[in-house]
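The block underneath contains the structure these notes are about, expressed in structure tokens.
The values are calculated or read from the model by the stated rules, or taken from the named source; none is laboratory data. All figures in this text were calculated on a predicted structure; none of them were measured in a lab. Every residue, glycine as well, gets a Cβ built from its backbone with ideal geometry; the counts of neighbours run over all protein chains shown. Ligands, DNA and RNA are stripped out before the accessible areas are found, and what is left, the full protein with its side chains, is counted by its heavy atoms. Shrake-Rupley method; radii C 1.70, N 1.55, O 1.52, S 1.80 Å.
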Amino acid sequence: MAAGYLEILRARHAARLLAGTLVGRLPNATAAIAIVLFVRAEGGGYTLAGVLAAVYGVANAVGQPLLGRLVDLHGQPRVQLSAALAAAFAMGGFAFAGIAPLPLALVLVAAAGLFTPPLEGGLRALWPSVLRREEQVHTAYAMDAVAQEVMFTVGPLLVTLCTSLWSAQAALLVLNGLGVLGALTVVVSPPSRAWRSAPREAHWLGALRSPGLLVLLGAFLFVGIALGSITVASVPYADDHGGDVVYGWLMAALGLGALVGGVAYGARRWVGAPERRLRVLVAFLAVCYLPLTLMPGAVAMVALTALAGVFLAPAIACAFVLVDRHAPRGTVTEAFSWLVTTFTVGHSLGTAVAGPVVEAGGARWGFAVPGAAGAVALLVLLATGRVLAVPAGSGVVAASSENDPNRAVEPRFSSGDRA
């Protein structure tokens, strides 16, 4: 299983790009908890902390695809590094200015979210030029999804460690400083400096003019809703079965399940059409959410939560392949950024939906939300099978089968056009 991952990491520049991207994304991965801890340290209430964290999240969702389009137009170094510096300066200003005056705090937090560099989409655009072979890129997508789970597990621990050793203000400054160093590590690398997007057709919709991409965004909006609703529904369950410790185990199990699933998925060389594989993965994802409504004891519930996460990273990794195929020429970074944004928005919607459901019907009905959302995601993919199978429109180059026995480079595959 490890051989495929080691082969990728031994490729020139691969380990550097992956590590730099993960470090560069630390400010984004830890923003919510870092803002909450800082606001509380400044004497603000949870409502204010939640508002500022939400402002950051909304601004980030808006900025990712916009900056992704700029990367496709102007290259990675100019946009990624400038955005990282702007985001760090804005968050640094917030760390020194504090929560008063409030309008200034809102502006600074919004700017930090808006200018967060699209490093995640940029890395996925770079993989084909670094690895060349299609099956390696597919494995890299899976490794990428696994690495995100590790980052979102380690990141909050770094925030709490910095806060306990120094202060919440220091945590904001240190993590954003690390973010700039991570972005710098990526953009000065030869693959990032050499990368150029394919020639693109001028269109105000950019990547969104692809019907296939819109289908993927619609499906993963509901996958995000499912994941967000679990985080809320787990709170009242944990209150009745052991408190914060149980909640922490449930969230850790969800991430562990996704990590294990992603590692196993990336270790295998898959054949067949990826759109069919994605439907199967999302179907398993939806089915594995259903046992959560049984709400057994804490140990069994942790196991069920881990099972609920197993197919998340594989589904995301498979979606990366389809995003690459359906993105109009010259819009690949923007397309990947749209997927990140849609998933984030879905997660926020899931938390918003699950709250009233839990208050009205309790934790059991809250755990019914992810199953329902997963089912809707599957229905979206089933109802639009033809759209995913053959990209339509002149702006999108047709996808080809993965069943080529010679593993020839696909007409749309990025290693041919460096985007």
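Taking a virtual spin label 7 Å from the Cα of LEU102 along the C-beta vector, which residues in segment 18-58 bring their backbone nitrogen under 19 Å of it? Counting only backbone N, you get 35-58.
At a Förster distance of 35 Å, what's the computed FRET efficiency of ARG10 paired with THR160, Cβ-Cβ distance as r, to 0.05? Could the numbers behind the result be given before it?
Working: r = 34 Å, r/R0 = 0.98.
Calculated value: 0.55.
Rounded, prolate or oblate: which one fits the chain, using the alpha carbon gyration tensor with axes a ≥ b ≥ c (rounded when a/c is under 1.5, else prolate when a/b beats b/c, else oblate)? Oblate, because a/c is 1.5 or more while a/b does not exceed b/c.
Couplings for segment 209-214, taken from phi via the Karplus curve 6.51 cos²θ - 1.76 cosθ + 1.60 with θ = phi - 60°, read 7, 8, x, x, 5, 4 Hz in order; Gly and Pro are left as x.
Dimensions of segment 1-131 from C-alpha coordinates, computed as largest minus smallest value along each principal axis and given longest first, are 51, 35, 21 Å. Evaluating 6.51 cos²θ - 1.76 cosθ + 1.60 at θ = phi - 60° for every residue in segment 179-190, the Karplus couplings come out as x, 5, 4, x, 4, 5, 4, 6, 6, 8, 6, x Hz, glycine and proline recorded as x.
Residue by residue, segment 134-145 carries 3J(HN,Hα) couplings of 4, 5, 5, 5, 4, 5, 5, 4, 5, 4, 4, 5 Hz when phi is fed to the Karplus relation 6.51 cos²θ - 1.76 cosθ + 1.60 (θ = phi - 60°); x denotes Gly or Pro.
Given +1 at the Cβ of Lys and Arg, -1 at the Cβ of Asp and Glu and no other charges, the dipole of the chain around its Cα centre is 1100 debye to the nearest 20. Could you pull out every residue, at least 5 positions away or on a different chain, whose amide H is within less than 5 Å of the one on GLY362? Hs are placed 1.01 Å off N in the peptide plane, and Pro or chain starts have none. Hits under the 5 Å cutoff: none.
Take the alpha carbon gyration tensor of segment 58-100, find the square roots of its eigenvalues, order them as a ≥ b ≥ c, and report rounded if a/c is under 1.5; if not, report prolate when a/b exceeds b/c, else oblate.
Numbers: a/c = 5.70, a/b = 1.94, b/c = 2.94.
Oblate shape, in that a/c is at least 1.5 and b/c is the bigger or equal ratio.
Residue ranking by accessible heavy-atom surface, 1.4 Å probe, largest first, among LEU184, LEU73 comes out as LEU73, LEU184. In the context of the full protein assembly, SER337 retains an accessible surface of approximately 0 Å², using a probe radius of 1.4 Å and ignoring ligands and nucleic acids. Taking GluC sites (Glu not before Pro) across segment 129-204, the ones in a DSSP loop with at most 16 further Cβ atoms lying within 10 angstrom of their Cβ are GLU201. Of the accessible area of the chain, computed with a 1.4 Å probe over protein heavy atoms only, carbon and sulfur atoms account for 71 percent.
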